[in-house]
Amino acid sequence: MKRLLLFISFCFTLFIIYFDLTTGTLPASHPPASTSEPAVPASQPASAPSAAYKEITMQPGDTLLSIVEKEKGKSNHPIETIISDFQSLNEGLKPENMQIGKTYKIPVYK
């Protein structure tokens, strides 16, 4: 009886590992974030790096840095600059307080 239980446990463990490696327990991809490029706000000068932005709806797993890197590839801007531009666009909101499903203005760098 112990051998049967051990064999069933072993098979179940192998199935879990196989399922996790082939399908995964987390979704591999999520629908693309909705993006739109509104006009540059009049309160910000056109030469400021935060003048260009996109409004993006947060999806599970998104972070400020991952969104900026998706938009421009590997960002060569310091993270401090990205955070300060994000906070100036979103009325002082800290990136760690972003919530899934809400729309935020994300700085776009050229």
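Bear in mind these aren't lab numbers, they're just calculated from the coordinates by the rules spelled out. A quick note: this is a predicted structure, and the numbers were derived from the prediction, not measured. In this analysis, Cβ positions are derived from the backbone assuming ideal geometry, glycine residues included, and neighbour counts consider all displayed protein chains.
Between Ser66 and Phe7, the contour length at 0.36 nm per residue exceeds the alpha carbon distance by 16.9 nm. Of all aspartates and glutamates in the structure, the ones whose alpha carbon falls short of 13 Å from that of Lys110, not counting any fewer than 8 places away in one chain, are Glu69, Glu71. Using 0.36 nm per residue of separation minus the Cα-Cα distance, give me the extension gain between Thr23 and Tyr109 in nm, one decimal. Additional length available on full extension: 27.4 nm.
Computed packing ranks the peptides 7-19, 96-108 as 96-108, 7-19, most packed first, by mean other Cβ atoms within 10 Å.
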